[in-house]
1. Taking region 143-155 only, how many residues are in a helix (DSSP H, G or I) and crowded, with 18+ Cβ neighbours inside 10 Å?
2. Which one of the conditions (1) part of a loop (DSSP other than H, G, I, E, B); (2) modelled with pLDDT under 95; (3) among the β-branched types (Val, Ile, Thr) does Val187 fail to meet, given that it meets all the rest?
3. Restricting attention to region 307-318, does a residue exist that is in contact with a Lys or Arg (Cβ under 9 Å, 6 or more places away or on another chain), among the small types (Gly, Ala, Ser), in a helix (DSSP H, G or I) and modelled with pLDDT of 95 or more?
4. Please identify the pairs in which a residue from region 271-286 that is of a type in the set (A, V, I, L, M) has its Cβ atom under 8 Å from the Cβ atom of a residue that is more than 8 Å from the ligand (Cβ to nearest atom) and not in a helix (DSSP H, G or I), counting only partners at least 6 apart or on another chain.
5. Hey, could you check region 192-208 for residues that are within 23 Å of the chain's Cα centre (by Cα) and assigned to a helix (DSSP H, G or I) and say which is farthest from Ala118 (Cα to Cα)?
6. Looking only at region 130-162, how many residues end up being in contact with a Ser or Thr (Cβ under 6 Å, 6 or more places away or on another chain) and closer than 14 Å to Lys316 by Cα?
7. Out of region 250-265, which residues are more than 8 Å from the ligand (Cβ to nearest atom), assigned to a helix (DSSP H, G or I) and in contact (Cβ under 8 Å) with a residue 40 or more places away in the chain?
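The values are calculated or read from the model by the stated rules, or taken from the named source; none is laboratory data. A quick note: this is a predicted structure, and the numbers were derived from the prediction, not measured. Backbone-built Cβ (ideal geometry, glycine too); neighbour counts: all protein chains shown.
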Amino acid sequence: MTETPAKPAAKKTATKTATKTTTAAKKTTAKKAPARTAAAKAPAAKPAAAKKTAAATKTAAKKAPAKAPAKKAAPARKPESRVAMVRRARRINRELAELYPYAHPELDFGNPFELLVATVLSAQTTDLRVNQTTPRLFAVCPTPEDMAAIPPEQLEELIRPTGFFRAKAKSLIGLSTALRDRFGGEVPGRLEDLVTLPGVGRKTANVVLGNAFGVPGITVDTHFGRLARRFGWTTAQDAEKVEADVAEIFPKSEWTMLSHRVVFHGRRVCHSRKPACGACPVAPLCPSYGEGETDPEKAKKLLKYELGGQPGQRLKPPADYPGQPALPLAAS
Ligand code: SF4
C-alpha cells in the first residue's frame, strides 16, 4: 500500500484548516450546552451571568413571603441508559469523522511487512520517531528474508532511535524468520496467525489487519483506552476488555476508522494530562468535559499537529492530510 507524499501547498491549507477547526470548535462548544449527559460537568458560569443570578436570587429572597414553603430539592438526574450511551457514542464518532476526514494510521509504510515492522517498533515511543527511523531500516532490509539474515548488532544500530532496541531487534529477527519459514515470506492476513509471530500482540495484529488488509479492527493503544473511558464507553483498563466493550457499541464496518479518529483526537485535543476541553468540538457529548482546560483561548494553545499549526507525525502523509509532513531525524 503506497502512500502519496503531501502536496507543497499543505502548509497553507493546514493553517487555514486549523484556524477554521478551532474557531468552529469554539463556536460549537459555546453554542451547545456541554452538560448533556448525567455525568457531565457543567462549565463555569460567566462572571456577568453569575452576578445577574446572584442579584436575582437576592431580589427573589426579598420578595418571598416569610412563610413560603421550602422548595423541594431538584431530583437527581437519572443515570444514562445503555441506549442513550450508544446513541451518544455514535454521534461522537460522526462528529470526529467531520473533524478528521483525513484520519489515517500515523506510521509510514509501503506494504504489510513495513507496517508490521513499524508497529512493532512503535512500542514505548512515538510514531514520529518510528517514521524517522524506518527509511534507513527499510533501505537495508526491504524484505523478511533480509531482516532475518541481518546481524543482530547491525539491526540494533539501525533501530536504536526507537528505544528498547535490543528487545525490538530480537522480535524483528524472530518475526522475519517466522515469516520466511512459515508463511513463504508474506505477512499473513489472519489474526490467529499474526499473534503467533514474536513481538506481535492483538494491538499490532489489529493495526496490520485494519490498515494493510482492510479487515475491521479496533486498535486499543494508550490514547484509545483513555478516550473510551472519558467518553463513558467503558470503565475497563485492560485493552482487550476495552476492545470488547467498544466493539458492542459500533458496527464492525466502523472499527478501523473509529480507531484512527479517536487516536487522532487523543493526540491533538484530548491529551492525557491537559485535555483542551474549551476547544473540543465533542465537548457537548463528553461526560468528562471539564477534566482539562475549559477557557477557549487557553485551550486553543494546547492543540497539536495540524490543529496547532505544527508538523505531523508522518514524513509521507496521505495526499489529503491538511498539515505539514514531519521532519526527518537529522532535521528535527
Ligand atoms: S477534550 Fe475534554 S471535552 Fe473533549 S473529549 Fe477530552 S475530556 Fe471530553
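1. 4
2. All conditions are met except number (2).
3. Yes.
4. Ala276/Glu293; Ala276/Leu302; Ala276/Leu303; Ala279/Leu302; Ala279/Leu303; Ala283/Lys32; Leu285/Arg36; Leu285/Thr37
5. Arg202
6. 2
7. Passing the criteria: Glu254, Trp255, Thr256, Met257, Leu258, Ser259, His260, Arg261, Val262, Val263, Phe264.
Results for (1) basic (Lys, Arg); (2) more than 12 Å from the chain's Cα centre (by Cα); (3) surrounded by 17 or more Cβ atoms within 10 Å (Cβ to Cβ); (4) assigned to a loop (DSSP other than H, G, I, E, B), shown as yes or no for each residue.
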{"site": "Gly217", "(1), (2), (3), (4)": "no, yes, yes, yes"}
{"site": "Val246", "(1), (2), (3), (4)": "no, yes, yes, no"}
{"site": "His271", "(1), (2), (3), (4)": "no, no, yes, yes"}
{"site": "Asp320", "(1), (2), (3), (4)": "no, yes, no, yes"}
